[in-house]
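Rule-based calculations on the coordinates, nothing more; no lab input. Since we're looking at a predicted model, the values are computed, not measured. Quick reminder, even Gly has a Cβ in these numbers, built from the backbone with ideal geometry, and neighbours come from all protein chains shown.
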Amino acid sequence: MPIYEYRCNRCQRRVSVFQRSIQGATAAACSHCGSADLTRLMSRVAVLRPEESHFEDLASGASLADLDESDPRSVARWARRMGREMGEELGPEFDEMVERMEAGEMPDDLGEGAEEGPLDDFD
């Protein structure tokens with residue numbers, strides 16, 4: 001039972017129309033203004049992937065293709081992207097570190113006042 005999306009040519013609003021079958025044509029009308037002058041839209045789709053495939057993509061090296069490790073802003077973009085991919089809140093310390101890198105500071109430059117943590121083992 002598909003749901004089709006339309007744009008109303010009169011009021012320019014997006015309208016979703018539920019149809020009981022794919023075969024039957026429904027006389028769709030705008031739920032906002034009542035106009036039948038609608039243009040069908042392409043709907044977005046979501047592709048569900050297992051969590052393991054996200055980690056495989058991260059490990060493939062493709063996520064590092066545009067990373068310039070000498071540019072703190074590039075590292076910050078990469079860190080934000082990885083944070084989104086992980087799908088978890090990484091905490092205020094992570095956010096502060098990324099904001100400072102976006103301002104042009106490299107993690108090595110952040111030594112003053114920065115607390116040592118588990119990531120310091122990777123230096």
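Couple of notes before you dig in:
- Summing charges over all other residues whose Cβ lies under 14 Å from the Cβ of Ser43, with Lys and Arg as +1 and Asp and Glu as -1, gives +3.
- Close amide H pairs (under 5 Å, H built 1.01 Å from N) link Leu41 with Glu5, Tyr6, Arg7, residues at least 5 positions away or on another chain.
- If R0 is 22 Å, the Cβ-Cβ spacing of Ser53 and Glu102 corresponds to a FRET efficiency of close to 0.15.
- Counted by Cβ distance under 9 Å from Cys33, the other residues give a net charge of +2, where Lys and Arg count +1 and Asp and Glu count -1.
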